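**Q** Sharing a structure below in structure tokens format, with a few things to ask.
The values are calculated or read from the model by the stated rules, or taken from the named source; none is laboratory data. Predicted, not measured: the structure shown is a model, and the values here were computed from it. Cβ placement follows ideal geometry from the backbone for every residue including glycine, while neighbour counts extend to all protein chains displayed.
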Amino acid sequence: MRYLVISDIHANLAAFEAVLAHAAGEFDFIWCLGDMVGYGPDPNECIARLQDFPHLCLAGNHDWAALGRLDIQSFNTDARVAVLWTQRELTPASRAYLESLPTNLVQDSFTLAHASPRQPVWEYVLDPLIAQRNFAYFDTPYCLIGHTHIPVIFRRIVTPSGEGCQTLLPPFRERMPLGEARALVNPGSVGQPRDGDPRASYAILDTETMTWDHRRIPYPVEITQEKMRARGMPARLIERLAYGR
């Protein structure tokens with residue numbers, strides 16, 4: 001089976017459409033790791049578009065915030081503005097879809113969580129130490145996560161002196177064997193990259209060959225920015241899309 005693995009679309013329809021076009025014909029099913037909404041101008045459109053495909057989707061922290069399930073005082077000022085706008089814009093159908101989403105799932109050899117297996121909705125796995133602590137919280141060989149908006153692989157290693165964790169940057173457009181070691185794998189963000197590369201980020205997972213194919217694709221950032229300006233969104237949220245920060 002070939003899976004299109006995506007995360008953190010954040011209501012950025014232009015980026016989502018670019019990914020779908022780039023990956024067309026190369027996947028059978030979509031795994032979305034959460035944060036369909038938040039920050040961007042097209043929450044209802046992105047939710048509807050995902051439902052055009054066979055898929056499963058998880059709830060992320062921005063999805064929960066849009067439903068009022070999180071205290072948004074923990075969000076920064078610009079993110080709070082976007083959350084409140086999203087809450088007003090969601091259609092009943094979109095709200096019902098978000099309310100139906102689980103926080104984590106197990107699919108054969110893969111655990112799926114938005115943030116981490118330890119705290120599925122909100123924990124940032126940004127370094128090997130946090131990654132290593134999370135291996136105790138899932139039983140499958142691999143765990144797919146999003147939330148940080150940064151594509152990365154944290155691979156568990158065992159040495160004579162003990163256990164550790166290796167950080168790998170996935171090669172671009174190259175099928176990478178997942179290997180036998182347990183790993184936390186992040187495809188990066190479709191609609192809000194934050195690794196200094198503004199291109200949409202996603203991956204193709206082939207479970208027959210157990211390979212991970214990480215990809216980046218440019219999209220018309222200016223279209224999303226124009227929509228955000230028209231909706232009165234904070235300037236910082238608009239400008240950062242051009243820089244991937």
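**Q** List pairs: first residue in region 88-106 and within 15 Å of His55 (Cα to Cα), second residue at pLDDT 95 or above and not in a loop (DSSP other than H, G, I, E, B) anywhere in the structure, Cβ distance under 6 angstrom, at least six positions apart or on different chains.
**A** Tyr97/Ile47; Leu98/Asp63; Leu101/Cys57; Asn104/Ala113; Leu105/Leu112
**Q** If we keep just the residues of region 234-245 that are under 18 Å from Val37 (Cβ atoms) and in contact with a helix residue (DSSP H, G or I) (Cβ under 7 Å, 6 or more places away or on another chain), which is surrounded by the most Cβ atoms within 10 Å (Cβ to Cβ)? Step through it out loud before you land on a result.
**A** Here is the first cut: in region 234-245, the ones under 18 Å from Val37 (Cβ atoms) are 234, 237-238, 240-241.
Filter once more, keeping what is in contact with a helix residue (DSSP H, G or I) (Cβ under 7 Å, 6 or more places away or on another chain): 234, 237-238, 241.
On the way: Pro234: 18, Leu237: 20, Ile238: 20, Leu241: 24.
Only one residue fits best here, namely Leu241.
**Q** Within region 101-142, restricting attention to residues that are in a helix (DSSP H, G or I) and of a type in the set (S, T, N, Q), which residue is modelled with the highest pLDDT? Spell out how you get there, then give the answer.
**A** Quick first cut of region 101-142, residues in a helix (DSSP H, G or I) only: 128-137.
Filter once more, so that each one left must be of a type in the set (S, T, N, Q): 132, 134.
On the way: Gln132: 94, Asn134: 97.
Among those residues, the one meeting the criterion is Asn134.
**Q** Do we have Arg231 as closer than 18 Å to Tyr39 by Cβ and within 18 Å of the chain's Cα centre (by Cα) here? Please lay out each step first, then the result.
**A** Numbers: closer than 18 Å to Tyr39 by Cβ: yes; within 18 Å of the chain's Cα centre (by Cα): no.
Considered against the rule, which asks whether it is closer than 18 Å to Tyr39 by Cβ and within 18 Å of the chain's Cα centre (by Cα), Arg231 comes out as no.
**Q** Residue pairs, Cβ under 6 Å, 6 or more apart or interchain, first in region 139-152 and among the polar types (S, T, N, Q), second not in a strand (DSSP E or B). List them.
**A** Listed pairs, sorted by first residue: Thr140/Ser109; Thr148/Tyr124; Thr148/Leu126.
**Q** Taking region 13-55 only, how many residues are surrounded by 24 or more Cβ atoms within 10 Å (Cβ to Cβ) and touching an Asp or Glu at 6+ places or on another chain (Cβ under 7 Å)?
**A** Going through region 13-55 one residue at a time, the tally reaches 5.
**Q** Looking at this structure, is Glu45 within 22 Å of Glu222 (Cα to Cα), at pLDDT 95 or above, of a type in the set (Asp, Glu) and touching a helix residue (DSSP H, G or I) at 6+ places or on another chain (Cβ under 7 Å)? Quick ask: steps written out before the conclusion?
**A** Working: within 22 Å of Glu222 (Cα to Cα): yes; at pLDDT 95 or above: yes; of a type in the set (Asp, Glu): yes; touching a helix residue (DSSP H, G or I) at 6+ places or on another chain (Cβ under 7 Å): yes.
Considered against the rule, which asks whether it is within 22 Å of Glu222 (Cα to Cα), at pLDDT 95 or above, of a type in the set (Asp, Glu) and touching a helix residue (DSSP H, G or I) at 6+ places or on another chain (Cβ under 7 Å), Glu45 comes out as yes.
**Q** Condition first: assigned to a helix (DSSP H, G or I), in contact with a Leu (Cβ under 9 Å, 6 or more places away or on another chain), farther than 19 Å from Pro120 by Cα and without any contact (Cβ under 8 Å) to a residue 60 or more places away in the chain. Now tell me which residues in region 47-78 satisfy that. Even if it seems obvious, please write down each step before you answer.
**A** Here is the first cut: in region 47-78, the residues assigned to a helix (DSSP H, G or I) are 47-50, 61-66, 72-74, 77-78.
Restricting the remaining residues to those that are in contact with a Leu (Cβ under 9 Å, 6 or more places away or on another chain) gives 47, 49, 61-64, 66, 72, 78.
Imposing the further condition that a residue be farther than 19 Å from Pro120 by Cα reduces the set to 47, 49, 78.
Passing the criteria: Ile47, Arg49.
**Q** Would you check if Glu180 is more than 17 Å from Pro43 (Cα to Cα), assigned to a helix (DSSP H, G or I), out of contact with any Phe, Trp or Tyr (no Cβ under 8 Å at 6 or more places or on another chain) and not small (Gly, Ala, Ser)? Talk me through it step by step, then tell me what you get.
**A** Working: more than 17 Å from Pro43 (Cα to Cα): yes; assigned to a helix (DSSP H, G or I): no; out of contact with any Phe, Trp or Tyr (no Cβ under 8 Å at 6 or more places or on another chain): yes; not small (Gly, Ala, Ser): yes.
Spelling it out, it is not the case that Glu180 is more than 17 Å from Pro43 (Cα to Cα), assigned to a helix (DSSP H, G or I), out of contact with any Phe, Trp or Tyr (no Cβ under 8 Å at 6 or more places or on another chain) and not small (Gly, Ala, Ser).
**Q** Any chance you could count how many residues in region 85-101 are out of contact with any Asp or Glu (no Cβ under 6 Å at 6 or more places or on another chain) and surrounded by 14 or more Cβ atoms within 10 Å (Cβ to Cβ)? If you could, list the steps in order and put the result at the bottom.
**A** Start the filter on region 85-101 by keeping residues that are out of contact with any Asp or Glu (no Cβ under 6 Å at 6 or more places or on another chain), which leaves 85-97, 99-101.
Narrowing the set further to residues that are surrounded by 14 or more Cβ atoms within 10 Å (Cβ to Cβ) leaves 85-87, 89-90, 94-95, 97, 101.
Matching residues across region 85-101 total 9.
**Q** On to the next question. Kindly check whether there is at least one residue in region 25-33 that is under 28 Å from Glu239 (Cβ atoms), without any contact (Cβ under 8 Å) to a residue 40 or more places away in the chain, assigned to a strand (DSSP E or B) and under 17 Å from the mean Cα position of the chain (by Cα). Walk me through it before giving the result.
**A** Of all residues in region 25-33, those under 28 Å from Glu239 (Cβ atoms) come to 32-33.
Narrowing further to those that are without any contact (Cβ under 8 Å) to a residue 40 or more places away in the chain: 32.
Going one step further and asking which of them are assigned to a strand (DSSP E or B), we end up with 32.
Then keep just the ones that are under 17 Å from the mean Cα position of the chain (by Cα); that gives 32.
Scanning region 25-33 turns up at least one residue that is under 28 Å from Glu239 (Cβ atoms), without any contact (Cβ under 8 Å) to a residue 40 or more places away in the chain, assigned to a strand (DSSP E or B) and under 17 Å from the mean Cα position of the chain (by Cα).
**Q** Restricting attention to region 143-165, which residues are part of a strand (DSSP E or B), under 21 Å from the mean Cα position of the chain (by Cα) and not charged (D, E, K, R)? Talk me through it step by step, then tell me what you get.
**A** At the first step, the residues of region 143-165 found to be part of a strand (DSSP E or B) are 143-144, 152-159, 162-165.
Keeping just the survivors that are under 21 Å from the mean Cα position of the chain (by Cα) gives 143-144, 152-155.
Result: Cys143, Leu144, Val152, Ile153, Phe154.
For (1) touching a His at 6+ places or on another chain (Cβ under 9 Å); (2) at positive phi; (3) crowded, with 19+ Cβ neighbours inside 10 Å; (4) not charged (D, E, K, R), each residue gets a yes or a no:
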site: Ala183; (1), (2), (3), (4): no, no, yes, yes
site: Val190; (1), (2), (3), (4): yes, no, yes, yes
site: Pro193; (1), (2), (3), (4): yes, no, yes, yes
site: Leu205; (1), (2), (3), (4): no, no, yes, yes
site: Glu208; (1), (2), (3), (4): no, no, no, no
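**Q** What are the pairs, 6+ residues apart or on separate chains, where a residue within region 1-24 that is without any contact (Cβ under 8 Å) to a residue 40 or more places away in the chain has its Cβ under 7 Å from a residue that is of a type in the set (Asp, Glu)?
**A** Once the first residue is without any contact (Cβ under 8 Å) to a residue 40 or more places away in the chain and sits in region 1-24, no partner that is of a type in the set (Asp, Glu) comes close enough.
**Q** Got at least one residue in region 226-237 being closer than 15 Å to Asn12 by Cβ, in a loop (DSSP other than H, G, I, E, B) and in contact with a Ser or Thr (Cβ under 6 Å, 6 or more places away or on another chain)?
**A** No: zero hits.
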